[in-house]
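Contents: one structure, followed by commentary.
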Amino acid sequence: PPARGTRPLPDGPGCLQLSTVTVRAGELILDGVDVTIPGGCVVAVAGRSGAGKSLFAALAGRLLDPDQGDVRLDGVPLASLDPGQLRRAVVYAFDRPVLFGRTPREAIMFGGPRPAADLVLSAARDAAALDFLRRLPHGLDTALDEAPMSGGEVQRIGLARAFAHDHEARLLILDDAMSSLDSITEQQVTAALTSRLGGRTCLIIA
């Protein structure tokens with residue numbers, strides 16, 4: 001298990017810096033990567049399958065530690081940060097989100113600190129999930145095992161979970177998080193995302 005840091009995260013714009021980062025996963029995937037993403041920027045990382053895009057995303061929020069090198073958020077090494085502070089500062093949405101909880105509402109609320117009821121609804125709306133969730137037998141409180149959903153609908157709940165927790169975040173990471181959405185829904189979610197950023201740094205893997 002990774003070592004737990006204790007340092008607080010100072011105020012900052014969400015500047016992400018990778019210095020000579022190397023990752024081996026049976027083979028060399030990332031080799032001496034040096035990149036700085038200034039705070040408040042929206043940056044897309046695109047490339048062929050297997051190029052290391054999702055590894056890059058995992059490093060950015062310390063879901064993975066590099067074999068060599070250093071990853072910093074606003075000048076502080078991620079490995080030295082208090083985990084609670086790191087998890088509030090960095091929010092993820094994934095291509096295949098796992099839904100925790102008994103209902104869609106609980107799945108969106110999952111994480112800490114728990115968002116208020118109005119934030120859950122606004123997040124579901126911005127993720128283009130609220131309409132289909134309200135059509136379920138008990139709306140957002142329908143049991144998940146009684147609410148069969150398509151891959152795109154599950155993705156939208158994952159996006160809603162990220163949006164519901166982004167009010168304290170300074171770095172938002174979307175790891176192929178809209179790959180199963182149709183083009184119209186993707187445009188709707190992208191427009192909502194743009195309005196929500198408010199100076200946050202956003203890393204988009206595609």
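Report the net charge of residues surrounding residue 109, where surrounding means a beta-carbon distance below 14 angstrom and charges are Lys +1, Arg +1, Asp -1, Glu -1.
0
Classify the range 1-51: rounded, prolate or oblate, from the alpha-carbon gyration tensor (a ≥ b ≥ c, eigenvalue square roots; a/c under 1.5 rounded; otherwise prolate if a/b is larger than b/c)?
In terms of gyration-tensor shape, oblate.
Suppose every Lys and Arg Cβ carries +1 and every Asp and Glu Cβ carries -1, with no other charges. What dipole size does the range 56-157 come out with about its Cα centre, to the nearest 20 debye?
220
Using a basic spin-label model with each label point 7 Å from the Cα along Cα→Cβ, how many nm lie between residue 168 and residue 110?
According to this spin-label approximation, the distance is 1.9 nm.
Label residue 63 and residue 46 with points 7 Å out from Cα along Cα→Cβ: what is the distance between them in nm?
Using points 7 Å along Cα→Cβ, the separation is 2.2 nm.
Work out, in µm²/s and without decimals, the Stokes-Einstein translational diffusion coefficient of the chain at 25 °C, 0.890 mPa s, Rh from Kirkwood over C-alpha pairs.
For these conditions, the coefficient is 140 µm²/s.
May I ask you to give the solvent-accessible area per residue for the range 33-128, in square angstrom, as obtained with a 1.4 angstrom probe?
Result: 48 Å² per residue.
Once the other residues with Cβ under 11 Å from the Cβ of residue 131 are scored (Lys, Arg +1; Asp, Glu -1), what is the net sum?
Net local charge, residue 131 excluded: +3.
Along each of the three principal axes of the Cα atoms of the range 1-96, give the extent in whole Å, ordering the values from largest to smallest.
So the three principal-axis extents are 35, 30, 28 Å.
Which FRET efficiency value, to the nearest 0.05, is calculated for residue 118 and residue 138 with the Förster distance at 22 angstrom and r the Cβ-Cβ distance?
0.70
I'd like the Karplus ³J(HN,Hα) series for the range 80-86: coefficients 6.51, -1.76, 1.60, θ = phi - 60°, whole numbers in Hz, and an x wherever there's a Gly or Pro.
So the J values, rounded to whole Hz, are 9, 7, 4, x, x, 5, 5.
Could you work out which residue, out of 137, 38, 83, moves most in a Gaussian network model of the chain, that is, has the largest mean-square fluctuation with Cα springs under 10 Å?
137
Would you mind computing, in nm to one decimal, how far apart the modelled labels at residue 190 and residue 150 are, each placed 7 Å from Cα along Cα→Cβ?
Rounded to a tenth, the inter-label distance reads 1.9 nm.
Tally Lys/Arg at +1 and Asp/Glu at -1 over every other residue whose Cβ is under 14 Å from the Cβ of residue 187; what's the total?
-2
For the range 127-206, what is the per residue volume of the convex hull drawn over the alpha-carbon atoms, in cubic angstrom?
In the range 127-206, the Cα hull volume divided by residue count equals 95 Å³.
Give a residue-ordered list of calculated ³J(HN,Hα) values for the range 140-154 (Karplus: 6.51 cos²θ - 1.76 cosθ + 1.60, θ = phi - 60°; whole Hz; x for Gly, Pro).
Coupling constants for the range 140-154: 5, 9, 5, 4, 4, 6, 10, 10, x, 10, 6, x, x, 5, 5 Hz.
With n ≥ 4 as the cut-off for DSSP H runs, can you work out [θ] at 222 nm for the chain, using -39500 (n - 2.57) per run divided by the number of residues, rounded to the nearest 500?
Taken over the chain, the calculation gives -9000 deg cm²/dmol.
The values are calculated or read from the model by the stated rules, or taken from the named source; none is laboratory data. Note that the structure is a prediction, hence the values are computed from the model and not measured. With ideal geometry, Cβ positions are generated from the backbone for all residues, glycine too; neighbour counts draw on all protein chains shown. The accessibility values were calculated without ligands, DNA or RNA, using every heavy atom of the protein model including side chains. Shrake-Rupley method; radii C 1.70, N 1.55, O 1.52, S 1.80 Å.
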